[in-house]
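Take a look at the structure below.
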Amino acid sequence: MPQTENSPSVLLEARSAVVISAEPHAVYSIVSDLPRSGEWSPECVGGAWVSGEPGAVGSVFRGENERSPEVVAWAPVVRGTWHTEAEVVAAEPGVTFRWSMRNSSGERQDSVWGFDVEPSGSGSLLTHHFRMGNPTEGIQGITAEMDGPTRARFFAEWQAKVADDLAATVKRIKGIVERG
């Protein structure tokens with residue numbers, strides 16, 4: 001049964017944080033520059049803003065992504081190169097930057113990625129997070145033919161993959177920011 005938009009249920013959720021030796025606005029200026037995602041993301045290799053003011057709420061980013069055959073190898077996930085569209089849903093410089101994945105009709109889905117930045121000592125605490133409430137169009141397609149135990153296995157392995165990706169991302173961003 002589909003959940004309502006106000007439902008507290010969460011299908012997938014993960015977060016990872018790191019302290020960076022830079023002030024929050026400097027960190028934010030990097031993480032809100034989505035075309036640079038290829039420098040730190042395990043899947044997004046880059047992309048471009050396709051509408052709106054880059055980085056502003058309502059703007060749309062078209063990302064180019066790449067996934068290897070080893071990622072949850074037994075499941076029917078997209079492999080190789082594919083594109084996504086994401087709409088910025090929060091953009092507060094020095095504080096938070098979030099985007100929602102869009103479906104093939106251009107509608108926002110209950111799948112939100114983001115970065116929160118806050119002062120921490122002489123630097124910043126960067127938290128990268130992901131939350132999916134209702135399954136996205138893609139997840140619905142992947143799991144449509146799965147029985148209950150297989151679906152549970154998929155979500156457990158996908159959750160671990162997302163958590164690993166977030167941890168790798170913040171580690172890479174820390175290196176980029178601190179190297180200047």
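Determine whether Phe154 is under 14 Å from Tyr28 (Cα atoms) and open to solvent by less than 40 Å² (accessible area, probe 1.4 Å). Here the answer is no, as Phe154 does not meet what is asked. Filtered by the rule that a residue be modelled with pLDDT under 95 and part of a loop (DSSP other than H, G, I, E, B), the stretch 44-71 gives Ser68, Pro69, Glu70, Val71.
Can you tell which of Thr96, Thr136, Thr127, Thr143 is open to solvent by less than 40 Å² (accessible area, probe 1.4 Å), in contact with a helix residue (DSSP H, G or I) (Cβ under 7 Å, 6 or more places away or on another chain) and either farther than 16 Å from Lys174 by Cα or at pLDDT 95 or above (or both)?
Details: Thr96 fails: in contact with a helix residue (DSSP H, G or I) (Cβ under 7 Å, 6 or more places away or on another chain); Thr136 fails: in contact with a helix residue (DSSP H, G or I) (Cβ under 7 Å, 6 or more places away or on another chain); Thr127 fails: in contact with a helix residue (DSSP H, G or I) (Cβ under 7 Å, 6 or more places away or on another chain).
On inspection, the qualifying residue turns out to be Thr143.
Within the stretch 28-83, can you find the residues that are touching a helix residue (DSSP H, G or I) at 6+ places or on another chain (Cβ under 7 Å), surrounded by fewer than 15 Cβ atoms within 10 Å (Cβ to Cβ) and closer than 24 Å to Arg179 by Cα? Matches in the stretch 28-83: Val45 only. Among the residues of the stretch 159-169, is there at least one that is surrounded by 17 or more Cβ atoms within 10 Å (Cβ to Cβ), over 15 Å from Glu13 (Cα atoms) and at pLDDT 95 or above? Within the stretch 159-169 (the criterion being surrounded by 17 or more Cβ atoms within 10 Å (Cβ to Cβ), over 15 Å from Glu13 (Cα atoms) and at pLDDT 95 or above), the answer is yes, since at least one residue qualifies.
Might you check whether a residue that is under 25 Å from Gly123 (Cβ atoms), assigned to a loop (DSSP other than H, G, I, E, B) and under 16 Å from the mean Cα position of the chain (by Cα) occurs anywhere in the stretch 10-28? Quick ask: steps written out before the conclusion?
In the first step, residues of the stretch 10-28 are kept if they are under 25 Å from Gly123 (Cβ atoms); the result is 14-28.
Imposing the further condition that a residue be assigned to a loop (DSSP other than H, G, I, E, B) reduces the set to 21-23.
Adding the requirement that they be under 16 Å from the mean Cα position of the chain (by Cα) leaves none.
For the stretch 10-28, residues under 25 Å from Gly123 (Cβ atoms), assigned to a loop (DSSP other than H, G, I, E, B) and under 16 Å from the mean Cα position of the chain (by Cα): absent.
Of all the residues in the stretch 32-68, those that are of a type outside the set (Gly, Ala, Ser) and closer than 22 Å to Ala167 by Cβ number 12.
The values are calculated or read from the model by the stated rules, or taken from the named source; none is laboratory data. Only a predicted model underlies this, so the values are computations on that prediction, with no experimental measurement involved. Here the Cβ is made from the backbone with ideal geometry for all residues, glycine too, and neighbour counts use every protein chain on show. Calculation scope for accessible area: heavy atoms of the full protein, side chains included, ligands and nucleic acids excluded. Shrake-Rupley method; radii C 1.70, N 1.55, O 1.52, S 1.80 Å.
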